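> The structure under discussion is supplied below as structure tokens; questions concerning it will follow.
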Amino acid sequence: MGKLSLNGKDLRKIGYPESKVIGIAIQVMHQYYKHSNEAEAIDILKDVLAAPDAYLEDAALGKIAAALLDEIRPKNDVIPLEQKRKEYAIYGFENIEMGAINQMEIAMKLPVTVAGALMPDAHQGYGLPIGGVLATNNAVIPYGVGVDIGCRMCLSVFDLPGDFVNDNIEKLKGFLTRNTVFGSGGTIKNPMVDAVLERKEFSENKLLKSLHDRAFKQIGTSGSGNHFVEFGIVEIKEVNNALGLAVGNYIGLLSHSGSRGLGATVANHYTKLAMQNCKLPNEAKYLAWLSLDTQEGMEYWLAMNLAGDYASACHHVIHDKIARVLNEEPLCRVENHHNFAWKEIHNGQELIVHRKGATPAGKNVLGIIPGSMTAPGYIVSGKGLEASLNSAAHGAGRRMSRSKALSSITMNDMKKLLKDHGVTLLGGGLDEAPQAYKDITKVMQAQTDLVDIVGVFYPKIVKMDQ
């Protein structure tokens, strides 16, 4: 048998369109049919071109068939939703608004959807609800990840007694003020260099290349809205806990933020591409997906992972700076994404699991579920429940929109609540008032099947955007 050699001219001769299909076809044939001769390969390609639907289930030729169908389909064609939605688990149904449930119902009708779950902190968002978990077949949904790619939690626990906070309020306020920067346009004058900024993706992707300078200036900064950096008391009650800490109270530094302008630009760019190439009914338009067999899909996947690592680096910069001024090394650090997509195996099948406002909760996986400015957060260990797609809530979840909070909560109301809980607030606004959030204790009660509580974090000094 000869060694296969094909080029674009060969495929154009037999009717293949001048598009990405040619590159996909050549790649597939050279990978899976490399010992065939040109005549045999051309015959196979002719058959796929004549009836692409018949080859969609073929592990190799299905990639060519899918690309051909995408080209053949008129660009104004709307991909229909399935008539019957797939089943999914809901946790804490009684405390979830119907808008979020309706969005999840639509997501479960997507042709690429395999499984899903709705977390007890869920509320309405764009496309997939906040608190929605969606597993798809070889497809990634940019708005299923969210605009703030890699939005995450990070907790450092220090060997300092719980009363250290109350004894050093002014000093700790100064540490937060001098070592954090907030806001959508926030930058650092002399940013720290991190290995993530040297990643090859910045040079291989034109969009990422244009964002490198901004990413450099924003590393170690936090966003606006519900993003924060705060000191609090970590309470450990159980011996032989997953953190390996002795029973007692410690000082904790907890942060919540994402991938800054880098992630937001990536999300918006690839969502636009997805909506152009994957037209869905109006009620599902923000659930447009990118196939991982396409160039755009792989570009987004690589960019998403880069943004996630960048978000992690931002947290590490903040925590390392504050650890230095505290003159303490953390005893342990717990962190997790809650706006991201992962390749995971469920029921023997590799799926793309989107967690938009949901915490990974695989067996013995540690994570953090925050409350609000005044409500406790929880260090948790996942139970690995398959019905939840190994997921849990990402926080208390909003019970009021920002506009409703601004119109119905007074500054005096918020100040009184902060005082009653002994919390000092630096920045922050009424849209983030504790009253705008659900009762975190009810959220935790609704997911006892999903996570075990390892420790509790009580906020004491909270820094947010002004």
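The values are calculated or read from the model by the stated rules, or taken from the named source; none is laboratory data. If you're wondering where the values come from, they're calculated on a predicted model, not measured in any experiment. Cβ coordinates were reconstructed from backbone atoms using ideal geometry, including for glycine residues, and neighbour counts include every protein chain displayed. Note: areas computed on protein heavy atoms with side chains; ligands, DNA, RNA excluded. Shrake-Rupley method; radii C 1.70, N 1.55, O 1.52, S 1.80 Å.
> Between Ser36, Ser5, which is open to solvent by less than 30 Å² (accessible area, probe 1.4 Å), of a type in the set (S, T, N, Q) and over 25 Å from Gly297 (Cβ atoms)? Don't jump to the end; show me each part of the working.
Working: Ser5 fails: open to solvent by less than 30 Å² (accessible area, probe 1.4 Å).
On inspection, the qualifying residue turns out to be Ser36.
Here is a yes/no grid of residues against (1) within 21 Å of the chain's Cα centre (by Cα); (2) aromatic (Phe, Trp, Tyr); (3) modelled with pLDDT of 95 or more:
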residue: Leu172; (1), (2), (3): no, no, yes
residue: Val181; (1), (2), (3): no, no, yes
residue: Asn190; (1), (2), (3): no, no, no
residue: Val193; (1), (2), (3): no, no, no
residue: Val196; (1), (2), (3): yes, no, yes
residue: Lys200; (1), (2), (3): no, no, yes
residue: Asn205; (1), (2), (3): yes, no, yes
residue: Leu211; (1), (2), (3): yes, no, yes
residue: Lys217; (1), (2), (3): no, no, yes
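> Tell me whether segment 157-172 contains one or more residues that are under 30 Å from Ile345 (Cβ atoms) and surrounded by fewer than 18 Cβ atoms within 10 Å (Cβ to Cβ).
Step one: list which residues in segment 157-172 are under 30 Å from Ile345 (Cβ atoms), which gives none.
No, segment 157-172 contains no residue that is under 30 Å from Ile345 (Cβ atoms) and surrounded by fewer than 18 Cβ atoms within 10 Å (Cβ to Cβ).
> Checking the conditions here, which among Glu87, Glu82 is modelled with pLDDT of 90 or more, open to solvent by 70 Å² or more (accessible area, probe 1.4 Å) and within 30 Å of the chain's Cα centre (by Cα)? Break it down into steps so the answer makes sense when it comes.
Numbers: Glu82 fails: open to solvent by 70 Å² or more (accessible area, probe 1.4 Å).
After applying the criteria, what remains is Glu87.
> Quickly run through segment 14-23 and pick out the residues that are part of a helix (DSSP H, G or I) and either over 14 Å from Asp293 (Cα atoms) or out of contact with any Leu (no Cβ under 9 Å at 6 or more places or on another chain) (or both).
The answer is Lys20, Gly23.
> Under 22 Å from the mean Cα position of the chain (by Cα) and touching a residue at least 12 places away in the same chain (Cβ under 8 Å): does that describe Asn364?
On the way: under 22 Å from the mean Cα position of the chain (by Cα): yes; touching a residue at least 12 places away in the same chain (Cβ under 8 Å): yes.
Yes; evaluated as a whole, the condition is true for this residue.
> Can you say whether Leu69 is closer than 20 Å to Gly297 by Cβ, exposed (fewer than 15 other Cβ atoms within 10 Å of the Cβ) and under 34 Å from the mean Cα position of the chain (by Cα), as far as the supplied structure shows? Write out each step before concluding.
Working: closer than 20 Å to Gly297 by Cβ: yes; exposed (fewer than 15 other Cβ atoms within 10 Å of the Cβ): yes; under 34 Å from the mean Cα position of the chain (by Cα): yes.
Taking the combined requirement at face value, the residue satisfies it.
> Residues being open to solvent by 30 Å² or more (accessible area, probe 1.4 Å), of a type outside the set (D, E, K, R) and over 12 Å from His354 (Cβ atoms): count how many of those fall in segment 131-152. Before the answer, list the steps.
Going through segment 131-152, the residues open to solvent by 30 Å² or more (accessible area, probe 1.4 Å) turn out to be 137-138, 143, 147-148.
Add one more test, that the residue is of a type outside the set (D, E, K, R), and what stays is 137-138, 143, 147.
Keeping just the survivors that are over 12 Å from His354 (Cβ atoms) gives 137-138, 147.
Here the count works out to 3.
> While we're on this one: Being outside any loop (DSSP other than H, G, I, E, B), of a type in the set (Phe, Trp, Tyr) and open to solvent by less than 70 Å² (accessible area, probe 1.4 Å) narrows it down to one of Phe202, Phe182, so name that one.
On the way: Phe182 fails: outside any loop (DSSP other than H, G, I, E, B).
Result of the check over Phe202, Phe182: Phe202.
> Just to be sure, is Ile233 open to solvent by 20 Å² or more (accessible area, probe 1.4 Å), in a strand (DSSP E or B) and not aromatic (Phe, Trp, Tyr)?
On the way: open to solvent by 20 Å² or more (accessible area, probe 1.4 Å): yes; in a strand (DSSP E or B): yes; not aromatic (Phe, Trp, Tyr): yes.
Considered against the rule, which asks whether it is open to solvent by 20 Å² or more (accessible area, probe 1.4 Å), in a strand (DSSP E or B) and not aromatic (Phe, Trp, Tyr), Ile233 comes out as yes.
Results for (1) of a type in the set (Val, Ile, Thr); (2) crowded, with 21+ Cβ neighbours inside 10 Å; (3) assigned to a loop (DSSP other than H, G, I, E, B), shown as yes or no for each residue.
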{"position": "Glu238", "(1), (2), (3)": "no, no, yes"}
{"position": "Leu245", "(1), (2), (3)": "no, no, yes"}
{"position": "Gly261", "(1), (2), (3)": "no, no, no"}
{"position": "Ala267", "(1), (2), (3)": "no, yes, no"}
{"position": "Val325", "(1), (2), (3)": "yes, no, no"}
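> Can I ask one more? Identify the single condition in (1) closer than 19 Å to Ala307 by Cβ; (2) polar (S, T, N, Q); (3) part of a helix (DSSP H, G or I) that Thr177 does not satisfy, given that it satisfies every other one.
(1) is the only condition that Thr177 fails.
For (1) acidic (Asp, Glu); (2) touching a helix residue (DSSP H, G or I) at 6+ places or on another chain (Cβ under 7 Å); (3) at pLDDT below 95, each residue gets a yes or a no:
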site	(1), (2), (3)
Asn241	no, no, yes
Leu254	no, no, no
Ala264	no, no, no
Gln295	no, yes, yes
Glu299	yes, no, no
Met304	no, yes, no
Tyr310	no, yes, no
Ala313	no, yes, no
Val317	no, no, no
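> Sort out which residues of segment 223-239 are more than 23 Å from Gly422 (Cβ to Cβ) and either of a type in the set (Asp, Glu) or touching a helix residue (DSSP H, G or I) at 6+ places or on another chain (Cβ under 9 Å) (or both), and write them in order of number. Show your work before the answer.
First pass over segment 223-239, keeping only residues more than 23 Å from Gly422 (Cβ to Cβ): 223-225, 238-239.
Within segment 223-239, Gly223, Gly225, Glu238 qualify.
> Scan segment 433-452 residue by residue and report those that are closer than 25 Å to Gly162 by Cβ and either acidic (Asp, Glu) or in contact with a helix residue (DSSP H, G or I) (Cβ under 7 Å, 6 or more places away or on another chain) (or both). Lay out the reasoning, then the answer.
Restricting attention to segment 433-452, the residues satisfying the condition of being closer than 25 Å to Gly162 by Cβ are 434, 437, 439-441, 443-444, 451-452.
Residues satisfying the conditions are Pro434, Asp439, Asp452.
> Something else about it: Which count do you get for residues in segment 409-419 that are out of contact with any Leu (no Cβ under 8 Å at 6 or more places or on another chain) and in contact (Cβ under 8 Å) with a residue 12 or more places away in the chain? Give the derivation first.
Of segment 409-419, the ones out of contact with any Leu (no Cβ under 8 Å at 6 or more places or on another chain) are 412-413, 415-417, 419.
After this cut, where a residue has to be in contact (Cβ under 8 Å) with a residue 12 or more places away in the chain as well, the list is 413, 417.
Number of matching residues: 2.
> How about segment 443-466: which of its residues are more than 12 Å from Ile369 (Cα to Cα), of a type in the set (Val, Ile, Thr) and open to solvent by less than 20 Å² (accessible area, probe 1.4 Å)?
The answer is Ile461, Val462.
> Could you list, in sequence order, the residues of segment 278-302 that are among the polar types (S, T, N, Q), over 12 Å from Pro111 (Cβ atoms) and crowded, with 18+ Cβ neighbours inside 10 Å? Break it down into steps so the answer makes sense when it comes.
Initially, segment 278-302 is screened for residues among the polar types (S, T, N, Q), giving 282, 291, 294-295.
Filter once more, keeping what is over 12 Å from Pro111 (Cβ atoms): 282, 294-295.
Scanning segment 278-302 gives a single hit, Thr294.
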